[in-house]
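Structure, as C-alpha cells:
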There are 2 protein chains.
Amino acid sequence: MHFLDLGKPDGRRITLYGNEPVTSVGPARAPAAGSSGGTPHLRWHPLRDEWVAYAPHRQDRTFLPPARYNPLRPSDNASMPTELPEGRYDVAVFDNLFPALSPAAQDAPELHVPSLPARGRCEVVVFTPDSEATLAGLPLAHIALLLEVLGDRTARLAREKPVRYVMPFENRGIEMGVTLPHPHGQIYAYPFVPPVPRRMLKRETAHFRRHGRNLLVELMQREAESGRRVIWSGDRALAFVPAWARYPFEVWLGPRQPCASFCALEREVRDELALALKTVLRKYDRLFDRPMPYVLAWYQAPVRGRAYPECQLHAEILPAYRTSDKLKYLAGTEVAAGMFANDMLPEEAAARLAAVVA
Amino acid sequence: MHFLDLGKPDGRRITLYGNEPVTSVGPARAPAAGSSGGTPHLRWHPLRDEWVAYAPHRQDRTFLPPARYNPLRPSDNASMPTELPEGRYDVAVFDNLFPALSPAAQDAPELHVPSLPARGRCEVVVFTPDSEATLAGLPLAHIALLLEVLGDRTARLAREKPVRYVMPFENRGIEMGVTLPHPHGQIYAYPFVPPVPRRMLKRETAHFRRHGRNLLVELMQREAESGRRVIWSGDRALAFVPAWARYPFEVWLGPRQPCASFCALEREVRDELALALKTVLRKYDRLFDRPMPYVLAWYQAPVRGRAYPECQLHAEILPAYRTSDKLKYLAGTEVAAGMFANDMLPEEAAARLAAVVA
C-alpha cells in the first residue's frame, strides 16, 4: 500500500492511497472557503443512558453547490474546487467538512444534563476517483486495498487522544439519505464506545470470560456447519444471513478465525474478505435488478485500553428493501420499543441470495 | 366511557368505545376469510441481547384489497367487508390481522440460538370512524376518550398471561411506511420488557433507589423551571423538547406528577394531557404547513410483577422531517452505532414550535 498525506487550505487533512505509487497533481483543495462555524457537542440522554451529538452548524450550511456538482471527484480546474486533487491513486480519505465529532470541538452548553465538547473525528472515504463505479464493481485488489486503508485509518485514529472506538460504514442510496452517488463511505471515531458496540462487547466479554472463546467466531462456526444461511464461504471468511437477522436480506461477513480489528487483519484473510464482500454486494444488486440501498457497518474492538480477544471484526449489512418495491420501514416497535419485527425468515433470505448468480 | 365487545368471524376480538352509549348495526366482519397462516416466533439475538420477532406470514399475505379500499372505515354492505361495523361509537380496537405477536403463537424452529413462540398481542386502534379526520383535529373530549381507551386496553392486556409490557404507538404518514391514511394507531403487548423501555427502566430504577424520586418527573420539573424548551405547560401536564432530543422537533409530553401508567391516569390529568397532545400535534402540522409524519410512542410501567413508582407515563414523538423538505434519515451512526447526530439544537426546535400558533 502506498499513500500520500496532504493538507487542505482550511486545515483539514486528506490522504491518498494506492496499490501503486501515489501522485497528486496540484494541491488538495476545499469546496468552501473558511471554516464551517460552530463546533459540535454531546449531551447525555438520561433515560437511554447514551450520548447524543449536536452539530447545529450542519443544518446552517451556507455552502450551496451548483446542480450536479460532485465534490467527491478529482478537481479539474473548474471554477468550483472539489475535495480531491487530480493524480494517481485509488482511494482517498479526508476530514468531513461538517463533522458530528471533531478534534476542534471545545464548546458545550451548561444544561441540567451532562454535556461535553464532541471530540473525535469524522472522515469521508472515497472508494475510487471514478464517479460511475460501484463498490461491488471494483477489482478485487482495489476492494482489498480499501480494507487495508480502513486498517490504516483505524491505527491512525487510535493514536488520537479522545478516540475510543472507530466505525467505518457506508450509507448507500437515496433511500438512505445519501445525496452524492459517487461511491464513498465514512468513518466515525467516537470518544466513547457507542451504544450498539457497547452492548455487543458486553455479551462478547461475558462469553469469553465464561467459555474462553470468541462468541461470534463460535456462532459463525455453527452457521458454517449448518450451511442453511450461508451466502459465501471460504477457508478464511464467511458471509451469512444470521439466524437472528433483524432486516430482510441482512448479511454479516467476517474472518472465520479470531481477529479483533482491521489492524489485526492479515493479507490472506483480507483478500478473502474482499471477495466475500464483493460477492454479497453483487448479489444484492442482482436480487431485484437494481442497486440495493443499505447501511454497511464494520464492527471491531475498541481502541486502546487493553487487548480485546473477545471481539470479532465483522460487517453487518442492513438492506433497505424487503421486496423489489417495498421498503423495510423502521417504525413503532423498532424505533420506540427496540423489538425488530422481520417479515422474512433468515433461511428464505439466505436461499434467495445464495441462488443469485454473482 | 361506554364500550361494546364483539367477536369477528375469524376469531379475532373487537371493542367499540364511545363517550356516549355504543351501538353496533350488524355484526363485526373481517376483510379476509380464513386464518392468516403460520404463527410468529422469536429468536434471540446473541450479540444485541434482545429478541427479534419473525412473522413470515405477513410477507405472504394473500389478501389483495381493491384500490382505495379502506379496511378501517365502517362497513357499508359493499361486497368487501371492512374491519369495523356500522354503528355509533368513537374509537374501535381490534386484533391485528397479521400480528407480530399473537396469543395463538405455538411454533418456533430449533436453532443454534434460543427461540420461542411469539406470544403476546397486536391490536389496531382506530381513532375515529371518520376517514378524513386527523388525531389533532378531533375534539378534546374525543382525544381524552382515546387516552382512556389506552388505559382500558393496558388493563385488559395486563391480565393476559404472557404479557409483560404494553406499548401504544402511532406511525403517521407514508414516510413512516403507513399505507392506510385512516387515522389509527397500534398497541403491542410484549411477552418481555422490550430493549428501549428496559434500558429506561434500568435508569429509572437506579435513580429511584438512590434518591427516592421519579427520574422523569424530576427532569420535567427542571424543564418547566428553565422554560427554554417548553412547548405547552399546564398545572398537570407538560410538553417539551427534551434537552437530550435525538430527532429534530422531538417532543415529549406527560403528567407532571408521578403516574406510572395509563391505568393510574386520573381524569383531570388525562384531560390536560389530551390538550397538550392536541396542541403539539397541531403545531407539528402547521410548522411546515403539511401533515407532519412521525412515530408517537407511549411509555409506561411494565405490567404485573410489582408496582413501578419509578416509571413515568409519557409520550415521545419522533417527527420525520428536519426542515420543510428534508427528512431525518437514520443511517450509519444512528442505526449501526446507536449514537444519534442531531443537526438541530433542542432550544431552537422548541422556540420554533412554541412560536407556531395552534
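Tabulated results
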quantity	calculated
Among the residues listed as B:R290, B:R228, B:R236, B:R256, the single one being surrounded by fewer than 24 Cβ atoms within 10 Å (Cβ to Cβ), under 19 Å from B:M176 (Cα atoms) and in the same structural domain as B:R322 (by TED's automatic domain parsing)	B:R290
Per-region count, region B:312-340, residues among the aromatic types (F, W, Y), facing chain A (nearest Cβ under 7 Å) and surrounded by 20 or more Cβ atoms within 10 Å (Cβ to Cβ)	1
Matching entry among A:A320, A:A243, A:A276 (being in contact (Cβ under 8 Å) with a residue 60 or more places away in the chain and within 21 Å of the chain's Cα centre (by Cα))	A:A320
Evaluation of B:K161 against (1) charged (D, E, K, R); (2) outside the structural domain of B:Y329 (by TED's automatic domain parsing); (3) farther than 30 Å from B:S131 by Cα; (4) part of a helix (DSSP H, G or I) (one fails), failing number	(4)
Positions within region A:298-352 being in contact with a helix residue (DSSP H, G or I) (Cβ under 7 Å, 6 or more places away or on another chain), at pLDDT below 95 and of a type in the set (D, E), in sequence order	A:D343
Looking only at region A:107-134, and only at residues there that are surrounded by fewer than 20 Cβ atoms within 10 Å (Cβ to Cβ) and among the small types (G, A, S), the one that is nearest to A:T39 (Cα to Cα)	A:A108
Test: residue in region B:341-348 that is more than 10 Å from chain A (Cβ to nearest Cβ) and either hydrophobic (A, V, I, L, M, F, W, C) or crowded, with 23+ Cβ neighbours inside 10 Å (or both)	no
Boolean, A:R203 is charged (D, E, K, R) and out of contact with any strand residue (DSSP E or B) (no Cβ under 7 Å at 6 or more places or on another chain)	yes
Members of region B:166-177 found to be facing chain A (nearest Cβ under 8 Å) and either closer than 22 Å to B:P309 by Cα or crowded, with 17+ Cβ neighbours inside 10 Å (or both), listed by number	B:M167, B:F169, B:E170, B:N171, B:M176
Sole exception among (1) more than 12 Å from every other protein chain (Cβ to nearest Cβ); (2) buried (at least 22 other Cβ atoms within 10 Å of the Cβ); (3) in contact with a helix residue (DSSP H, G or I) (Cβ under 9 Å, 6 or more places away or on another chain) for B:C263, by number	(2)
Region A:223-268: number of residues that are more than 21 Å from A:L147 (Cβ to Cβ) and touching a Gly at 6+ places or on another chain (Cβ under 8 Å)	0
Residue that is farthest from B:P293 (Cα to Cα), among those in region B:80-135 that are of a type in the set (D, E) and in contact (Cβ under 8 Å) with a residue 60 or more places away in the chain	B:D107
Single residue of region A:116-139 satisfying the filter (of a type outside the set (A, V, I, L, M, F, W, C) and touching a His at 6+ places or on another chain (Cβ under 6 Å)) that is modelled with the lowest pLDDT	A:S131
Residue count, region B:33-64 (criterion: facing chain A (nearest Cβ under 9 Å) and modelled with pLDDT under 90)	6
One residue from B:R229, B:R256, B:R267 being closer than 13 Å to B:H314 by Cα and of a type in the set (K, R)	B:R256
Test: residue in region B:154-161 that is polar (S, T, N, Q) and either crowded, with 19+ Cβ neighbours inside 10 Å or touching a His at 6+ places or on another chain (Cβ under 9 Å) (or both)	yes
Those strands (runs of 3 or more DSSP E) lying entirely in region A:189-255 with at least 3 residues at the interface with chain B (Cβ under 10 Å from one of its Cβ atoms) and charged (D, E, K, R)	none
Top-ranked residue in region A:174-188 [being more than 14 Å from the chain's Cα centre (by Cα) and not in a helix (DSSP H, G or I); ranked as modelled with the highest pLDDT]	A:H182
The one condition in (1) crowded, with 22+ Cβ neighbours inside 10 Å; (2) under 16 Å from A:F262 (Cβ atoms) that A:G151 fails to fulfil	(1)
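The values are calculated or read from the model by the stated rules, or taken from the named source; none is laboratory data. Fair warning: this is a prediction, and the values are worked out from it, not measured in the lab. Neighbour counts are summed over all protein chains in view; Cβ atoms, including those assigned to glycine, are modelled from backbone coordinates with ideal geometry.
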